[in-house]
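Derivation of every value follows stated rules applied to the coordinates shown; laboratory data play no part. On a predicted model such as this, the values are computed, not experimentally measured, just so you know. All Cβ positions, even for glycine, are placed from backbone atoms using ideal geometry, and neighbour counts span all protein chains on display.
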Ligand code: SAM
């Protein structure tokens, strides 16, 4: 159950220094407004494969994985600490962190309007049964929340091995006036699409089982179309 999860009353009340100690000074040292902010989020990050690859792809950006399962989030935390220690001389992996959170609730408590440039939804839980569809991580209501958090030009990335879920995500995001689906040619050129195909744990599993991977990416528009 997630009713014991803690969340800040607003983005400025979050202790980001705790998550990115090498890159964000503690509150005592600076005002939160000058501090670097999280720009990329991996929703339901699982065991953190995507985060680890994004860390080196975007060394100057702060990247956050959100994961609801406590043991899994602890695993990712340990994984990141180990990587930071291993690569201490080069200062790598200080830009990734994991937060145990229910991403379907309270995202605007963590991030400000237009703060994010990329949101990843990699192999989200399919919730096959019709009465469970409302638990899916992309719905019309949540699409509006994602549009609020993403800056114009920001990207939503989705990948799944479940065709029905792919079609569901495409339908809900295409129906939203602030998102436009990007063409296949764009997907073929984008480095993050390559990363989410091959570096997520779930993507590797699907690869081993020779399953399909359905991808859809959406740009956050400046104005409703
Ligand atoms: N993205 C990872 C990957 O591709 O390897 C993990 C995919 S796994 C099938 C889905 C993950 O989403 C699980 O780790 C699950 O605990 C997490 N999850 C499900 N609902 C969530 C929510 N509301 N908030 C945060 N994480 C969630």
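Normalising by the residue count of the range 144-225, find the relative contact order in percent from Cα pairs under 8 Å and 6+ residues apart.
52
What is the distance in Å between the Cα centroid of the range 158-221 and that of the range 111-150?
Here the answer is 13 Å between Cα centres.
Would you mind calculating the relative contact order of the range 51-135 from Cα pairs under 8 angstrom and at least 6 residues apart, reporting the percent as a whole number?
32
Within 10 Å, count the other beta carbons around each residue, average over each peptide in 214-221, 54-61, 79-86, and list them highest first.
So the order, starting with the most tightly packed, is 214-221, 54-61, 79-86.
Rounded, prolate or oblate: pick one for the range 11-220, where a ≥ b ≥ c are the square roots of the eigenvalues of its C-alpha gyration tensor, a/c under 1.5 means rounded, and failing that, prolate if a/b is larger than b/c, else oblate.
Prolate, since a/c reaches 1.5 and a/b exceeds b/c.
Rounded to the nearest 500 deg cm²/dmol, what is the calculated helix-only ellipticity per residue at 222 nm for the chain, with -39500 (n - 2.57) per DSSP H run of length n ≥ 4?
-9500 deg cm²/dmol
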